[in-house]
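Read the structure below first, then the notes.
The values are calculated or read from the model by the stated rules, or taken from the named source; none is laboratory data. Remember, predicted model here, so these are calculated numbers, not experimental data. Using ideal geometry, Cβ is built from the backbone for each residue, glycine included, and neighbour counts are taken over all protein chains shown. When the accessible area is computed, the model is the full protein with side chains, heavy atoms only, and any ligands, DNA or RNA have been set aside. Shrake-Rupley method; radii C 1.70, N 1.55, O 1.52, S 1.80 Å.
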Amino acid sequence: MTDNHVHVGWYTDGYHSPFEVWQAEQEAGINEIAVSSTSTCAELYKLVVREMRELIRLGGSRIHPLLWITPRMMKTWGIRYMLHSNIRWEGVKMHWRAHREWFYNRPLQLRGLEVARHLQVPVLLHTGDFKECHASVFLDICRQHEDLSFVLAHGWPIDETMEVLAKCSNAYVDTAFMPVVNAVALVQNGFAGRMLFGTDAPINLLFYKDRTTTEYIKECLTSLQRELSLEAYSQILSNTLYVSRGRGL
């Protein structure tokens, strides 16, 4: 089982260490994680690299590092440092809500996508209830960059997400913080093969202070298993685009 949407590092509720994050996932029964660092939002590039190295030391090839890029990183030494860090990045992340310049600065946006093209990896795109990151915002991007694969994190709004999936075969969606009713709708509309299980752990600790990250991940698994067929559930839990050993969709 792969958790395709995990974080490590600094967040508004404090610091989440590589050991803490990997231990919580393993205790929940997760075998592999695709992980990006929230320390990136503080532009702490050297810390991000140390975090990824520590995760790889702990989990080896079961760790799939995602390079979270920012506008500032692209304009400074940061991107060169990250690309020459000896981390084998398996995906690129762009958060158009946290870094709105991606939405308004098309040349910079294209430079960011070139990083993914250079690395030959998928792009994880945050979707949410803001004009800069509605799922429909990424429809033209998926169409114009058919050589890249895109994951619509969270799949919000769900109707726009399904439109993008229907029109773009290179688009996928993860279930991080996704209401189970939306996951059911995706399966019912034939998209189980392009759904990736994700949790956004350990960001859950900011919203659900009464349960541990391990408990939260188990609840995510249980809710999907309860509402979906065994076939759909098994497929979603095994789907991933982030590969280090020749495995993927």
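Structure values in brief
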item	result
Extension reserve of the residue 108-residue 130 stretch, reckoned as 0.36 nm per residue once the Cα distance is removed	5.9 nm
Label-point separation, residue 208 to residue 43 (7 Å along Cα→Cβ), nm	3.5
Only Lys, Arg (+1) and Asp, Glu (-1) charged, at Cβ; region 1-112 dipole about Cα centre in debye	740
Segments 11-23, 185-197 sorted - mean Cβ within 10 Å per residue, highest first	185-197, 11-23
Nearest-20 debye value, region 145-235 charge dipole, Cβ charges on Lys, Arg, Asp, Glu	240
For the chain, with +1 on Lys and Arg beta carbons and -1 on Asp and Glu, the positive-most of 109, 78, 166 along the dipole	78
Length released on extending from residue 84 to residue 100, taking residue separation times 0.36 nm less the Cα-Cα span	3.1 nm
The chain - charge dipole about Cα centre, Lys and Arg +1 at Cβ, Asp and Glu -1, debye rounded to 20	880
Span from the region 128-182 Cα centroid across to the region 21-92 one, whole angstrom	23
Cβ crowding within 10 Å averaged over residues, with 62-75, 93-106 ranked highest first	62-75, 93-106
Distance (nanometres) between label positions extended 7 Å along Cα→Cβ at residue 144 and residue 231	3.9
Apportionment of accessible area to carbon and sulfur, the chain, percent (1.4 Å)	51
DSSP-loop GluC sites (Glu not before Pro) across region 121-161, with at most 13 other Cβ within 10 angstrom	146
For the chain, share of DSSP beta bridges that run antiparallel, in % to the nearest 5	10
Unit charges at the beta carbon, dipole of region 1-71: most positive-side option, 66, 2, 19	66
Dipole of the chain, positive end: most advanced residue of 179, 118, 96 [Cβ charges, Cα centre]	118
Mean accessible surface per residue for region 1-91, computed with a 1.4 Å probe while every protein chain stays in place, in Å²	41
